[in-house]
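Following: one structure in structure tokens, then a few remarks.
Taken together, the values in this text are just the output of simple stated rules run on the coordinates, not laboratory data. The shown structure was predicted, so the numbers you read here are calculated from the model rather than taken from an experiment. As a convention, Cβ positions derive from the backbone with ideal geometry for all residues, glycine included, and neighbour counts pool all protein chains shown.
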Amino acid sequence: MAFQNIVAARLSQTAIPVTALVVYRTPDNVRTFVKDIDIANTTASSISVSVFLVPSGGVPSTATALFYNVPLAGNSTMQWTGAQILNTSDTVQVQASATGCTATITGGEAT
């Protein structure tokens, strides 16, 4: 499958729950380029956050973690910038130790 068209996109913007949540799934016949993940802690307390890049059929675990239980100080943000490729049906999943964080994920989809 040749990919000719890459469209930049906000892949997800969501509150992070205490159980793993799929916030993005790569569509059929698409590859996704994850470029940037911003996480904001909107509470006064430290919250640990995890982001998982899960292959199709996989589960969020230490084996699929992009970052795992990273403490984020109250009223602060963290940013990850890099280059990760997701294939069809791969997912981005997020989880936190408490409510109060928001994740914004950007990148692009190649068709």
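A few notes on this one:
- Mean shadow area of the stretch 13-65 over all directions, Cα convex hull, nm²: 4.6 nm²
- Separation of the Asp38 and Ala98 label points, Cα + 7 Å toward Cβ, nm: 2.4 nm
- A Cβ-based charge dipole, computed about the Cα centre of the chain with Lys and Arg at +1 and Asp and Glu at -1, lands at about 20 debye.
- Pair-distance profile P(r), taking every C-alpha pair of the stretch 6-110, with 10 angstrom steps and integer %: 17, 50, 27, 5, 0
- Placing dummy labels 7 Å off each Cα toward the beta-carbon, the span from Ser48 to Thr19 is 2.0 nm.
- By the count of other C-beta atoms within 10 Å, a proxy for reagent exposure, Phe52, Phe67 are ordered fewest to most as Phe67, Phe52.
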